[in-house]
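The values are calculated or read from the model by the stated rules, or taken from the named source; none is laboratory data. In this text, all values refer to a predicted model and were calculated from it rather than measured experimentally. Cβ placement follows ideal geometry from the backbone for every residue including glycine, while neighbour counts extend to all protein chains displayed.
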Amino acid sequence: MRDYVTKPIPAMPPPVTVVERPWGSFTQYAFNQDCTVSLMTVKPHERLSLQSHTGRAELWVVLDDGAVVQVGDQTRRCKAGDEIWIPANETHRLGCDGPGPVRVLEVAFGNWQQDDITRHEDDFNRPQSGG
């Protein structure tokens, strides 16, 4: 197995800070940290592969109700605002059981690359590893 660890990967989620302003607030998920931010959208009744990554940990912020998240052996239905920490090497999957698509903001810490994906299960018969 190839080692994709080229940048530090935190074992725990970095602190999330809520900053209050007169007009409301904003939430910082990665303050001046090396990370990759992606917006994932899953169609109704679809799901990603059950996968793991050697080179990154991920913080998922659920933006829409109806997300189904599996981390390890635990699966839960999530609502907008839920935050999920996925350590490096942990199996995980995102699905949608709502009538419309769900979006999840992914903040990945480490070295984000498609080559470090290991698929343990996949509904689309894609290769076990890689993008």
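For this structure, a couple of remarks:
- Every residue from region 11-45 that is in a loop (DSSP other than H, G, I, E, B), surrounded by fewer than 15 Cβ atoms within 10 Å (Cβ to Cβ) and in contact (Cβ under 8 Å) with a residue 24 or more places away in the chain: A11, M12, V16, Q33, D34, K43, P44, H45
- Residue satisfying all of: in region 66-82; touching a Lys or Arg at 6+ places or on another chain (Cβ under 9 Å) and within 22 Å of H53 (Cα to Cα); surrounded by the fewest Cβ atoms within 10 Å (Cβ to Cβ) among these: T75
- First in region 110-131 and in contact (Cβ under 8 Å) with a residue 24 or more places away in the chain and among the small types (G, A, S), second anywhere and crowded, with 18+ Cβ neighbours inside 10 Å and in a loop (DSSP other than H, G, I, E, B), Cβ under 9 Å, 6 or more apart: G110/Y4; G110/I9; G110/C35; G110/T54; G110/G55; G110/A88
- Residues located in region 88-123, provided they are more than 14 Å from V71 (Cα to Cα) and of a type in the set (V, I, T): V102, V104, V107, I117, T118
- Enumeration of residues in region 46-69 that are farther than 23 Å from A11 by Cβ and either assigned to a loop (DSSP other than H, G, I, E, B) or among the small types (G, A, S) (or both): E46, L48, S49, L63, D64, D65, G66, A67
- Meets criteria (crowded, with 18+ Cβ neighbours inside 10 Å and of a type in the set (A, V, I, L, M, F, W, C)) for V102: yes
- Residues of region 74-114 classified as among the hydrophobic types (A, V, I, L, M, F, W, C) and not in a strand (DSSP E or B), total: 3
- Residue check, L59 under 27 Å from Y4 (Cβ atoms) and in contact with an Asp or Glu (Cβ under 8 Å, 6 or more places away or on another chain): yes
- Identity of the residue in region 98-120, more than 17 Å from the chain's Cα centre (by Cα) and modelled with pLDDT of 90 or more, that ends up nearest to H53 (Cα to Cα): G100
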